[in-house]
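Trainee: What follows is a single structure, and I will ask about it in a moment.
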Amino acid sequence: MSSRVMPYRGSLTSREQVAVYDFSWPAIIFIPLAALLIQIFIPVRVRYFPIIDLPLMVTIFFAVARRNPVTGCLTGCVIGLMQDLFAGPNHPLGMYGIALTCIGYLASSLGLKIDVENPGSRFLITYIFFVLHQGIYYGVAHGLLRQTQVWSWSHVAISALANAVIGLFVFALLDRFKQR
Amino acid sequence: MDTFLGRYKNLIVLAAILFAQIIGLALQVRRPSQVGETRLIRLWAISAVTPVEAAVVHTQTWVHRVWTNYAYLRGVRRENRELRAELERMKIEDARLSEDARMARRVQALLEFKQQYVENTVAAQVIGTSGSEQSRALYLDKGSKDGITTDMAVITPTGIVGKIVQVYPTSSQVLPINDQYSGVGVVLKDTRLQGILKGAQNGATTLQYIMSDEKVEPGEEVLTSGGDRIFPKGLPVGKVVSVEPGKDLFLNIRVVPSSRLDQLEEVLIVTKLTEKMPDAKDLAPIRAADILAERLPTVPTKPVADARGNPKPAGATVGTAAPVGSAATGTGAHPSATGTVSANKPGAGTATVPGAKPSGAVTSPRSTTGTIAGSNGASTPANAAGAKPLNSPGTGTTSSPKLKSTTPTTAAPPTNGAVSGATDTQAPANGDASTTPAKKVQSAPEQTPSANPDQPARPPATEQPQP
């Protein structure tokens with residue numbers, strides 16, 4: 001469970017080598033679980049909390065830290081399916097699963113190319129991936145399931161901004177679980 | 001081949017995972033879950049998570065209650081005084097409303113309307129949400145072990161919340177009225193227009209299927225109509241905040257729910273509804289003054305003397321048991337009636353008696369005649385004998401909606417001198433009139449020989465000048 005250094009020719013960072021982190025098994029299991037619990041519990045007390053998507057942040061974090069697209073896919077798939085389980089009686093299993101699978105793959109692929117350690121890039125990738133996540137979810141709901149969904153650019157932009165800001169703190173907290 | 005798989009391994013894995021999930025989605029769409037059916041994996045997940053949530057919520061609630069009940073008692077005395085004052089006001093209001101309610105129930109019984117009553121409820125605590133903006137579902141800490149089943153109504157004292165859609169052993173899931181998949185049959189309180197309250201993805205609630213040519217004002221209250229067979233009729237739902245012309249000839253009416261759906265903590269699950277006829281027992285008309293008098297300090301009753309001057313036991317009915325067709329005399333008054341008030345409604349001189357109250361106590365809040373009960377219990381009924389009707393064209397008639405009769409009554413002189421004419425004057429406060437408890441008077445209900453069941457009830461007489 002130690003960190004590895006992986007050379008990658010296509011990296012856009014100034015570094016020639018990017019670090020690949022690992023996590024302990026308890027962290028891999030309990031961090032997503034905790035994120036899900038918080039996600040379904042806090043809105044009882046905090047009205048606007050549902051605009052924050054903690055499972056998405058955890059998916060992005062694990063994907064960019066491990067920098068392995070296959071692992072990112074699987075992590076996103078598992079977290080997304082777990083989120084689907086709690087997402088209401090009329091919510092088919094797989095909608096969040098598909099969205100987070102794609103996000104996990106893209107985030108881990110992006111993690112191979114750019115430096116995702118500094119706050120600026122973290123802010124940007126969280127913002128972009130949130131919008132992308134909403135787009136994929138909308139596409140699945142509207143295109144595959146013919147569900148009535150309302151797309152609001154302003155709402156998505158504000159939610160993405162909130163998630164990007166919160167994401168900075170969440171990523172800083174989760175950095176403590178990285179193993180070098 | 002190995003080179004191809006190795007080169008595109010990541011994409012192949014991604015495509016495989018996505019394909020598997022899309023197949024799963026397709027299967028769910030082809031076989032939509034029926035009402036009450038729960039996917040096993042969802043059952044496991046929720047059963048595993050909800051105890052943790054319940055523990056957290058209960059701990060938090062306990063700490064909050066300890067703080068609010070013991071540590072944070074500032075301003076309680078002042079609040080107590082205000083609440084007591086409010087309570088007094090509400091008692092007076094209640095006296096007025098209870099009579100209206102009795103009348104409504106009498107009419108319902110008359111028309112054989114069945115009514116739904118909330119018989120049993122189970123208190124539950126909100127322990128979680130769906131955690132997403134796409135669904136507003138809530139989780140409660142009561143499940144099938146507590147007798148919860150699907151399609152039970154979830155309410156709060158301020159209004160309805162939603163209905164149970166999934167039940168697990170120790171928890172259940174609520175579809176609130178502001179969820180986009182929710183629909184509730186509602187009726188506007190004043191205009192009695194019926195529609196369907198639907199939620200939206202953004203949590204707004206709109207009243208649909210009200211035609212554009214109807215007039216709906218903002219501020220009008222919305223109640224359940226009972227048409228959905230989930231919520232009993234008449235529960236508060238919300239209030240209209242905006243009315244705009246919408247598409248397809250329907251109004252676009254926005255409604256704000258009465259319950260704070262985003263700040264719910266405790267709710268009530270309606271576990272048992274009973275449907276029965278309104279209870280018409282014990283609905284003999286009672287004057288508002290009597291209801292009010294029950295809440296006021298009691299004045300000890302004096303022994304009543306008969307015509308020879310012999311005292312009678314207290315509570316004896318004097319001058320009662322006269323048929324409605326004859327003069328009502330003496331009248332029964334509540335023993336504690338203490339110079340209160342009554343009657344400012346039209347119909348003076350006429351006793352409109354829903355339920356055909358026996359004579360001697362011929363009165364009704366809608367037909368009492370501007371008389372004021374004596375301070376020592378001598379009351380003055382609407383058409384007490386000898387009462388000169390002030391302004392009623394239907395002088396001396398007794399309309400009984402319950403019996404569908406209109407019985408002419410004759411004006412006879414008072415028998416025991418308990419004169420309190422049907423005028424707008426006060427009865428004598430010393431009241432040499434007989435003191436007769438109202439219940440005694442009501443205990444002779446068969447004294448309506450001239451009730452004509454074929455004749456429809458007459459509305460209370462309107463006010464007209466007295467010759």
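The values are calculated or read from the model by the stated rules, or taken from the named source; none is laboratory data. Note that the structure is predicted; figures quoted are calculated from it, not measured. Virtual Cβ from ideal backbone geometry, glycine too; neighbours counted across all protein chains shown. Remember, those area values only see protein heavy atoms, side chains included, never the ligands or the DNA or RNA. Shrake-Rupley method; radii C 1.70, N 1.55, O 1.52, S 1.80 Å.
Trainee: With respect to the numbered conditions (1) within 14 Å of chain B (Cβ to nearest Cβ); (2) part of a helix (DSSP H, G or I), which one is the sole condition not fulfilled by A:VAL150?
Mentor: (2)
Trainee: Output the number of the condition that B:ASN80 fails; it satisfies all remaining conditions of (1) within 28 Å of A:PRO89 (Cα to Cα); (2) part of a helix (DSSP H, G or I).
Mentor: Just one mismatch for B:ASN80, condition (1).
Trainee: For region A:93-125, give me the residue count where each residue is part of a loop (DSSP other than H, G, I, E, B) and within 11 Å of another protein chain (Cβ to nearest Cβ). Walk me through how you get there before you give the answer.
Mentor: First pass over region A:93-125, keeping only residues part of a loop (DSSP other than H, G, I, E, B): A:93-94, A:112-118.
Within this subset, residues satisfying the condition of being within 11 Å of another protein chain (Cβ to nearest Cβ) are A:93-94, A:112.
Result for region A:93-125: 3.
Trainee: Looking only at region B:45-81, filter to residues that are surrounded by 13 or more Cβ atoms within 10 Å (Cβ to Cβ) and among the β-branched types (Val, Ile, Thr); which one of those is farthest from the other protein chains (Cβ to nearest Cβ)?
Mentor: Here is the first cut: in region B:45-81, the ones surrounded by 13 or more Cβ atoms within 10 Å (Cβ to Cβ) are B:45-47, B:49-54, B:56-58, B:60-61.
Remaining after also requiring among the β-branched types (Val, Ile, Thr): B:46, B:49-50, B:52, B:56-57, B:61.
On the way: B:ILE46: 7, B:VAL49: 7, B:THR50: 9, B:VAL52: 7, B:VAL56: 7, B:VAL57: 7, B:THR61: 11 Å.
Per the criteria, the residue is B:THR61.
Trainee: Right, next: Could you check, for region A:72-87, whether at least one of its residues is among the hydroxyl-bearing types (Ser, Thr, Tyr), at pLDDT below 90 and more than 9 Å from the chain's Cα centre (by Cα)?
Mentor: no
Trainee: Kindly indicate which of B:GLY227, B:GLY199 is under 30 Å from A:TRP153 (Cβ atoms) and either surrounded by 14 or more Cβ atoms within 10 Å (Cβ to Cβ) or modelled with pLDDT under 90 (or both).
Mentor: Details: B:GLY227 fails: under 30 Å from A:TRP153 (Cβ atoms).
The unique qualifying residue is B:GLY199.
Yes or no, residue by residue, for (1) surrounded by fewer than 20 Cβ atoms within 10 Å (Cβ to Cβ); (2) modelled with pLDDT of 90 or more:
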| position | (1), (2) |
| --- | --- |
| B:LEU175 | no, yes |
| B:GLY185 | yes, yes |
| B:LEU188 | no, yes |
| B:THR191 | yes, no |
| B:GLY203 | yes, no |
| B:VAL237 | no, yes |
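Trainee: Given the conditions (1) part of a strand (DSSP E or B); (2) polar (S, T, N, Q); (3) more than 11 Å from chain A (Cβ to nearest Cβ); (4) over 26 Å from the mean Cα position of the chain (by Cα), which single one is not true for B:GLN173?
Mentor: (3)
Trainee: Another one. Taking region B:253-269, which residues are over 17 Å from B:LYS163 (Cβ atoms), open to solvent by less than 70 Å² (accessible area, probe 1.4 Å) and of a type outside the set (A, V, I, L, M)?
Mentor: B:ASP262
Trainee: Are any residues in region B:127-170 touching a helix residue (DSSP H, G or I) at 6+ places or on another chain (Cβ under 7 Å) and either more than 8 Å from chain A (Cβ to nearest Cβ) or modelled with pLDDT of 90 or more (or both), and if so, which ones?
Mentor: Those that are touching a helix residue (DSSP H, G or I) at 6+ places or on another chain (Cβ under 7 Å) and either more than 8 Å from chain A (Cβ to nearest Cβ) or modelled with pLDDT of 90 or more (or both): B:TYR139, B:ASP141, B:VAL161, B:VAL167, B:TYR168, B:PRO169, B:THR170.
Trainee: Give A:ILE136, A:ILE128 a once-over and let me know the one that is part of a helix (DSSP H, G or I) and within 13 Å of another protein chain (Cβ to nearest Cβ). Break it down stepwise before answering.
Mentor: On the way: A:ILE128 fails: within 13 Å of another protein chain (Cβ to nearest Cβ).
Going through A:ILE136, A:ILE128 in turn, just one is part of a helix (DSSP H, G or I) and within 13 Å of another protein chain (Cβ to nearest Cβ): A:ILE136.
Trainee: Considering region A:156-180 alone, what residues qualify as being touching a residue at least 60 places away in the same chain (Cβ under 8 Å) and not in a strand (DSSP E or B)?
Mentor: Across region A:156-180, the qualifying residues are A:ILE158, A:SER159, A:ALA162, A:ASN163, A:ILE166, A:GLY167, A:VAL170, A:PHE171, A:LEU174, A:PHE177, A:LYS178, A:ARG180.
Trainee: Residue by residue through region B:57-77, note down the ones that are within 24 Å of A:VAL46 (Cβ to Cβ) and assigned to a loop (DSSP other than H, G, I, E, B).
Mentor: If the condition is that a residue be within 24 Å of A:VAL46 (Cβ to Cβ) and assigned to a loop (DSSP other than H, G, I, E, B), then B:TYR72 is the only one that fits.
Trainee: Now for a separate question. Given the residues A:ILE166, A:ILE103, A:ILE125, A:ILE114, which is the only one that is modelled with pLDDT of 90 or more, under 19 Å from A:ALA19 (Cβ atoms) and touching a Leu at 6+ places or on another chain (Cβ under 9 Å)? Show your work before the answer.
Mentor: Numbers: A:ILE166 fails: under 19 Å from A:ALA19 (Cβ atoms); A:ILE103 fails: under 19 Å from A:ALA19 (Cβ atoms); A:ILE114 fails: modelled with pLDDT of 90 or more.
Result: A:ILE125 is the single residue among A:ILE166, A:ILE103, A:ILE125, A:ILE114 that is modelled with pLDDT of 90 or more, under 19 Å from A:ALA19 (Cβ atoms) and touching a Leu at 6+ places or on another chain (Cβ under 9 Å).
Trainee: Only one residue in A:TYR127, A:TYR105 is open to solvent by 30 Å² or more (accessible area, probe 1.4 Å), in contact (Cβ under 8 Å) with a residue 40 or more places away in the chain and under 16 Å from the mean Cα position of the chain (by Cα). Which one? So that I can check it myself, show each step before the final result.
Mentor: On the way: A:TYR127 fails: in contact (Cβ under 8 Å) with a residue 40 or more places away in the chain.
That would be A:TYR105, the only listed residue that is open to solvent by 30 Å² or more (accessible area, probe 1.4 Å), in contact (Cβ under 8 Å) with a residue 40 or more places away in the chain and under 16 Å from the mean Cα position of the chain (by Cα).
Trainee: Same structure, new question: When B:LEU25 is evaluated against the numbered criteria (1) at pLDDT 80 or above; (2) open to solvent by less than 70 Å² (accessible area, probe 1.4 Å); (3) more than 11 Å from chain A (Cβ to nearest Cβ), which criterion, by number, is the only one it fails?
Mentor: (3)
Trainee: From the set of residues in region A:46-74 that are free of Cβ contacts under 8 Å to residues at least 40 places away in the same chain and of a type in the set (Ser, Thr, Tyr), which is surrounded by the most Cβ atoms within 10 Å (Cβ to Cβ)? Please lay out each step first, then the result.
Mentor: Going through region A:46-74, the residues free of Cβ contacts under 8 Å to residues at least 40 places away in the same chain turn out to be A:46-50, A:70-74.
Now drop any that are not of a type in the set (Ser, Thr, Tyr), which leaves A:48, A:71.
Values: A:TYR48: 11, A:THR71: 19.
Among those residues, the one meeting the criterion is A:THR71.
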